[in-house]
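Novice: Submitted below is the structure of interest, expressed as C-alpha cells.
Please treat every number below as a calculation from the coordinates, not as lab data. Quick caveat: nothing in here was measured; it's all calculated off a predicted structure. No Cβ is skipped: glycine too gets one built from the backbone with ideal geometry, and neighbour counts run over all protein chains shown.
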Amino acid sequence: MRFTGWAANYIDERTSASTAVKTLGRKIFPDHWSFMLGEVALYSFVVILLSGTFLTFFFDPSMTEVEYEGSYVPLQGIPMSVAYHSSLDISFEIRGGLLMRQVHHWAALLFVASIGLHMLRVFFTGAFRKPRELNWVIGFLLFVLAMALGFTGYSLPDDLLSGNGLRIIDGMIKAVPLAGGWISYLLFGDEFPGTDIIPRLYVLHILLLPAILVALIGAHMVLLIVNKHTQFAGPGRTNDNVVGAPVMPVFAAKAGGFFFIVFGVIVLIASLFTINPIWNYGPYDPSPVSAGTQPDWYIGFADGALRLIPPHLETVIFGYTWSWNVLIPLVGLLVFLAAAALYPFLEAWVTGDKREHHIAERPRNNPTRTAIGAAGVTFYAGLWAAASSDLIATHFRLSIEGVIHALQFVTVVGPFIAYFVTKRVCLALMRKDREIALHGFESGRIVRLPGGEYIEVHEQLDDYERWKLVSYEEYQPLMVRPDARGRITARQRVRASMSRWFFEDRISPVTQRELESQRH
Amino acid sequence: MMADDHDGTTSGEAAETAVEKHASSASPGVAVERADRIPNPGFPPERLRVTDTDPAKERAAERTVSGLFLLSVVGSVLAVVAYFAFPIVEGDPSTIRLNNLFLGLGITLGLLGIGIGAVHWSKALMHGHELVEERHGTRGSDETRAKAVEIFQAGNAESGFTRRSLVRNTLIGALVATPIPAIAIFRDLAPAEDPIALLKHTMWEEGVRLTRDPSGTPIKASEVTIGSAFHVIPEGLTELESHKLEEKAKAAVLLMRLPLDRLNEREDRQGWSYDGIVAYSKICTHVGCPVALYEQQTHHLLCPCHQSEFDVANHAEVIFGPAARPLPQLPITVDEEGYLVAKSDFTEPVGPSFWERAL
Ligand code: FES
C-alpha cells in the first residue's frame, strides 16, 4: 500500500494523472448487449495489431522470383515471389506462425463484421442524431479504412487467389475515364503485375492506413466520452442523465474481461479452423484460376456489383472508351456509401430538430428510417449474395443465368419491397405497443361474467413497464408556410415533401389523458 | 464527474425535474411536444442479487472467479508446453496442425480464463447498483464561447490576418503551391515509357510458335483434337529474363478445335483459323481474369471471376455476364514442320478496356 501511494504520487506530480482519474474514473456507461458490438470491433483491432506485429517479423514483401525450398513438398522447386515464400515459411517453418496468421485473418474478418453491425445498431436506434453526427462520419471512415486494410492485407501473400483480386482491381482502375491506364501503370510500377505492388501495399497495410485508423479511433473515443453514451429509454432514464455502471470498477472489469473473451474466442477459432490456406492456391500466375473462389466477405458486395451488370455495356465516344460495365457498379457503390455517410444530415434537415438526443430509439418507433435502413441492407445483401452466384448455382443445381437474374431482381426491386414491408411492420408494432400501453396485455385468465359471457382478463402494465412503450419522440410533417417575404421557396417545398414522406404515417404515443380516461 | 447512487423510487422525482430543468431552448423542428405526456415514473425498486443476500453464494462466486484466473495460468503454461512438445517436423504436415491446435488451445484457455473471470467478478461481486450521471449540453457555455471568440479576434488583431490581405493571400497561394511537387514526384512510380502503347502490344508476332503453358513445348496442329483446349503461351516466354508475368498477363491464349460445320467465322477473319483450330485471348475483356473454363459440348468459355460467357463458335462473342466485348482472336497458321504459329500480334488490345483502347 505504501508503494502504491508512493507510485501514484510520483506519477501524478509529473503527469497530473489524478485529474484524468477524477474526470473519467467514475464516468457512467449504460449497459445493453448491442453496445458491445463497437467494443468487439475495438478489441479485435487490438488483436490484429498484436498478431500483425508478430507477422511483420517474418514476412518479406519482395516480389523477387525465387525457387521454393521449404518443407511443403507439393510446391518444392516451383518459382514464386519472396513474399509468397515467406508467407509459406510463416505457415510451415515457424512454430505458432500459422496460428498467428489465422488469428490475424479471423480477427480481421471479425473486425469488419463488428464495425458493420455496430453501424447498423447506431443507424437503427438513431444514435447518430445530434450531437453525434460527426462521430457517425468518423465511424463510417473507420469502416472504409477497415475494408481497405483488409484488402491490402489479403493481397500481401501474393498467392494465386489474391493476385486475381489485384488483377480485378487493375481491370477496374483501367476503366476509369481519362487516366485509368496511367493510374494502373503508376500503381503497379509497371504493366500488371509488375514487381512493386506487394511492397507498396505492404507499406500502406502496416504503416499508413493503420496510422490513420488509430488516429480516427482516438477521435471516435474522445467524442464518445465528450458526448457520453446513448441509452435506451427506461424508467428513470432521461435525455439528461446517463444510467449505468461506473468505469471504476464495474465497467473496467466488464470491458477488460470482454477484451480477453474476444481475444480468446478469436484464438480458439484460429486454432480449430483453417482460413486462407494459401499453400493450396500456389503462387500468382496470370494464367490459371480455379472456379468457385471467394474474396473475403466484406469485398463481396463490390464483387457482386460487378457480376450483376448486364452484358455489352460499353460505348466508344470519339474514340474514347467508356466501360459502363465497370463504371456503373463503381459509381453506384460510391453513391451508396456516400448516402450512408450523409444520412444523419439528411434526417436532421428533414426534422429540423436542433435538440440533442441521447435516448436510443427503438427501431419501430421511427418507421421510415428503419424502412430506409432495411432497403439499404437488402441492396447490400443482394450484391453480397451475387459474389457467390457461382457457388449458389452449383450448390443448388440452378443455372448461373437464373441466379444472376434473381439477384438482379433482389438488388433492384428488393429494396422497395423491404422498405414497404418494414414500414408496415413497424407501424403495426407501434399500434400493438399502444394497445398494450392503454389496455394492458392478455393475461391468459378467462373469466365468466354473471351474464354467462366469457372474457379474457387484461392485465395493466405497471408504470415502469409502460414507460418503454410510451416514451418515444413523435414528429409530424412540415407545413409549407410562406417566409418573411411571402414566398415559398423550392427548398421549403422539398423539405416539406420529404417530411411528409417521413412522418405522414405515424402513431402517437399514449398520453396521460388517454390513459386516465381508459382507467375510469 | 458526479455520479449519484440511486436507491429506488425516490430519485425518480429527481429524474423528472432534470427533464424540466434542462428543457433546452434548441428548436425541436417538426417534433410534437405535448403537455400531457405520460411522466417518467423514475427508477424502479432495485433487485438484489443472490450474492448480495447470501454470503455462501458470495463466497462461491469468489471461488469461481479465482478458479477461472488460476485456469488462465494453467492455460498459459500449457501453451508454452505445447510450443515445445509439438514441434514442426519437416515433411510432416500433421505436425503443423498439432502445433497450431495445442498452442492455440493453451492461449485460448489463458485468455478466456481471465475474460470470463473478470466479467463474472463484475457481475456477481462488484457493487451492483446502477449509478446516475447528469448530462450537460455539448456546446461550451456562453462565457466559454465568448472567450473563444475573443481569442480568435485577438489573434486576428495582433497578426493582422484579415487586415493585411496581401500577406494572407500570398500565404494561401504559397500553401496551395507547396504540395504540387509532391504530386509530381510520383511520376517515377513507374518507368518512363508510355503505358498506353505497352497495353496495345503483346509478345505475339508473325511466326511465333504456340507453346504449352507452363512447359513451353510447341504444339502440332494434329495434336489438337476436337473437344480439347490448350492453355497456350508464346514461344520464348519461359526464357525471358524479366517481365515474364507481365508478358504472360497479356499473351495467354486458349486454343480449341471445333468441328468445321460448327465454326462460324467472320468475313474479315478468313484465314485466322487453321482447320477448325482457333486461338483466343485468355484474358477476360471484363476486368482481366483468365477465362479458363471451357465447356466442350457448347463451345462456351466461362470466366470464373464474374461468369462472363463467350461463344467460341461465334467469334467469342459475349452471351452472358458483365463483359462487353468478345475475346480478341489470335490469327494462326502452321509452319512447315506442322507446328501452330501466330500470323501476327492480336489486332486489338487484349484484356480489360481502357480509355484510349479504341484509338
Ligand atoms: S473478369 Fe471475366 S467476368 Fe469479370
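Novice: R0 = 25 Å: FRET efficiency of A:Phe273 with A:His395, Cβ-based, nearest 0.05?
Specialist: Numbers: r = 20 Å, r/R0 = 0.80.
Computed FRET efficiency for A:Phe273 and A:His395 comes out at 0.80.
Novice: So how far apart, in nm, are the two label points at A:Arg424 and B:Glu90 if each is 7 Å from Cα heading toward Cβ?
Specialist: Computed distance between label sites A:Arg424 and B:Glu90 equals 6.9 nm.
Novice: Okay, next question. So how far, in whole Å, is the C-alpha centre of region B:291-322 from the one of region A:450-520?
Specialist: Region B:291-322 and region A:450-520 have Cα centres spaced 58 Å from each other.
Novice: For chain A, what is the calculated [θ] at 222 nm in deg cm²/dmol (nearest 500), taking -39500 (n - 2.57) for each run of four or more DSSP H residues and dividing by its residue count? Display every interim value, and only then the final one.
Specialist: Numbers: 21 runs with 313 residues, N = 520.
The helix-only estimate for chain A comes to -19500 deg cm²/dmol at 222 nm.
Novice: A further question on this structure: Could you point to the residue in A:Val410, A:Thr315, A:Phe345 farthest towards the positive end of region A:305-411's charge dipole, with +1 and -1 charges on the Cβ of Lys/Arg and Asp/Glu respectively?
Specialist: Of the candidates, A:Phe345 comes out farthest on the positive side.
Novice: What does the helix-only formula give at 222 nm for chain B: each DSSP H stretch with n ≥ 4 adding -39500 (n - 2.57), the total divided by the residues, and the result rounded to the nearest 500 deg cm²/dmol? Before the final figure, lay out each step's value.
Specialist: Numbers: 9 runs with 126 residues, N = 359.
Estimated from H runs of four or more residues: -11500 deg cm²/dmol.
Novice: Can you pull the mean other chain C-beta count within 10 Å for peptide B:324-331?
Specialist: Working: counts 12, 6, 0, 0, 0, 0, 0, 0.
Per-residue shielding by partner chains comes out at 2.
Novice: What shape does region A:1-70 have by the C-alpha gyration tensor, where a ≥ b ≥ c are the square roots of the eigenvalues, rounded means a/c under 1.5, and otherwise prolate means a/b greater than b/c and oblate the rest? Working shown, then result.
Specialist: Values: a/c = 4.18, a/b = 1.83, b/c = 2.28.
It is oblate, given that a/c is not under 1.5 and a/b is not larger than b/c.
Novice: Here is a follow-up. Once you've got the GNM for chain B with C-alpha springs shorter than 10 Å, pick whichever of B:Glu62, B:Glu295, B:Glu193 has the biggest mean-square fluctuation.
Specialist: With Cα springs under 10 Å in chain B, the top fluctuation among B:Glu62, B:Glu295, B:Glu193 is at B:Glu62.
Novice: If the cut-off is 16 Å between C-alpha atoms, which lysines fall inside it for A:Lys130, apart from same-chain ones fewer than 8 positions away?
Specialist: Hits, sequence-local ones excluded: A:Lys228, A:Lys354.
Novice: Follow-up. Mind running the shape call on region B:198-342? Use the C-alpha gyration tensor, a ≥ b ≥ c as the square roots of the eigenvalues: rounded below 1.5 for a/c, prolate if a/b tops b/c, oblate otherwise. It would help to have the intermediate numbers written out before the result.
Specialist: Values: a/c = 1.63, a/b = 1.11, b/c = 1.47.
Oblate, since a/c reaches 1.5 and b/c is not below a/b.
Novice: Percent relative contact order of chain A, based on C-alpha pairs within less than 8 angstrom and at least six residues apart?
Specialist: Working: 643 pairs, mean separation 84.0, N = 520.
Worked out over chain A, it gives 16 percent.
Novice: If you look for lysine pairs in chain B that are eight or more places apart or on different chains, how many of them have Cα atoms under 26 Å apart?
Specialist: 19
Novice: Given contacts defined as C-alpha pairs under 8 Å and at least six residues apart, what's the relative contact order of region B:202-340, whole-number percent? Intermediate values should be presented prior to the final figure.
Specialist: Details: 288 pairs, mean separation 30.8, N = 139.
Relative contact order comes out at 22 percent.
Novice: Once the dipole of region B:198-342 is set up with Lys and Arg at +1 and Asp and Glu at -1 on Cβ about the Cα centre, which of B:Thr285, B:Pro328, B:Pro214 lies farthest towards its positive end?
Specialist: It is B:Thr285, whose Cα lies furthest towards the positive end.
Novice: Sticking with this one: Given R₀ = 60 Å, FRET efficiency for A:Arg481-B:Ala358 by Cβ-Cβ distance, to 0.05?
Specialist: Working: r = 56 Å, r/R0 = 0.93.
With a Förster radius of 60 Å, E is 0.60.
Novice: Shifting gears a bit: What spacing in nm lies between the two simple spin-label points modelled at B:Arg34 and A:Lys432, each 7 Å away from Cα in the Cβ direction?
Specialist: 2.1
Novice: I want to check the label-to-label distance for A:Thr64 and A:Trp297. Put each point 7 Å from Cα in the C-beta direction and report it in nm to one decimal.
Specialist: Using points 7 Å along Cα→Cβ, the separation is 4.0 nm.
Novice: Compute the distance from the alpha-carbon center of region B:35-114 to that of region B:133-172, in whole Å.
Specialist: About 52 Å separates the Cα centre of region B:35-114 from the one of region B:133-172.
Novice: While we're on this one: Let me spell out the model: positive unit charges on the Cβ of Lys and Arg, negative unit charges on the Cβ of Asp and Glu, origin at the Cα centre of the protein assembly as shown. What dipole size does that give, in debye rounded to 20?
Specialist: With only Lys, Arg, Asp and Glu charged at Cβ, the dipole is about 3400 debye.
Novice: Compute, for region B:198-342, the length of the dipole vector about the Cα centre, with Cβ point charges of +1 (Lys, Arg) and -1 (Asp, Glu) only. Units Debye, rounded to 20. List each step's numbers first, then the result.
Specialist: Numbers: 13 positive and 21 negative charges, 82 e Å.
So the dipole magnitude of region B:198-342 works out to roughly 400 debye.
Novice: Further question: Report the net charge of residues surrounding A:Thr321, where surrounding means a beta-carbon distance below 11 angstrom and charges are Lys +1, Arg +1, Asp -1, Glu -1. Could the numbers behind the result be given before it?
Specialist: On the way: positive: A:Lys174, B:Arg325, B:Arg357; negative: A:Glu314, B:Glu356.
Net of charged neighbours comes to +1.
Novice: For chain B, what is the relative contact order in percent, using Cα pairs closer than 8 Å and at least 6 residues apart in sequence? Could the numbers behind the result be given before it?
Specialist: Numbers: 510 pairs, mean separation 43.3, N = 359.
About 12 percent, as a whole number.
Novice: Along each principal axis of its Cα atoms, how long is chain B end to end? Whole angstroms, biggest number first, please.
Specialist: Its Cα atoms span 103, 75, 49 Å along the three principal axes.
Novice: Is the C-alpha gyration tensor of the protein assembly as shown telling us rounded, prolate or oblate? Criteria: a/c under 1.5 is rounded; beyond that, a/b larger than b/c is prolate, otherwise oblate. Spell out each step's value before the answer.
Specialist: Numbers: a/c = 1.88, a/b = 1.64, b/c = 1.15.
Because a/c hits 1.5 or more and a/b exceeds b/c, the protein assembly as shown counts as prolate.
Novice: Pick out, in residue order, every one of the chymotrypsin sites (Phe, Trp or Tyr not before Pro) in region B:131-208 that is DSSP loop and has at most 16 other C-beta atoms within 10 Å; say none if there are none. Can you show the working numbers first?
Specialist: Numbers: sites: B:Phe152, B:Phe161, B:Phe186, B:Trp204; in loops: B:Phe161, B:Trp204.
Here the sparse-neighbourhood loop sites are B:Phe161.
Novice: Assuming R0 = 56 Å, can you tell me the calculated FRET efficiency for the pair A:Ser443 and A:Leu49, based on Cβ-Cβ distance, to the nearest 0.05? Before the final figure, lay out each step's value.
Specialist: Details: r = 54 Å, r/R0 = 0.97.
That pair, A:Ser443 with A:Leu49, gives E of 0.55.
Novice: Once you have the Cα-Cα distance between A:Thr489 and A:Val73, take 0.36 nm times their residue separation minus that, and quote the gain in nm to one decimal.
Specialist: Numbers: separation 416, 0.36 × 416 = 149.76 nm, distance 7.49 nm.
142.3 nm is the gain from fully extending A:Thr489 to A:Val73.
Novice: Is there a simple number for the mean count of other chain Cβ atoms within 10 Å of the Cβ of residues in B:289-301, and what is it?
Specialist: Numbers: counts 7, 7, 1, 5, 3, 0, 0, 0, 0, 0, 0, 0, 0.
Whole-number average of other-chain Cβ neighbours for B:289-301 is 2.
Novice: Treating the beta-carbon of each Lys and Arg as +1 and of each Asp and Glu as -1, no other charges, what is the dipole magnitude of region A:110-251 about its Cα centre, to the nearest 20 debye? Each step should come with its number before you reach the end.
Specialist: Details: 9 positive and 8 negative charges, 164 e Å.
The dipole of region A:110-251 has a size of about 780 debye.
Novice: Which whole number gives the average, over all residues in A:243-249, of C-beta atoms from other chains lying within 10 Å of the residue C-beta? Write down the numbers at each step before the final one.
Specialist: Numbers: counts 8, 5, 8, 9, 1, 0, 5.
Mean inter-chain Cβ contacts per residue within 10 Å come to 5.
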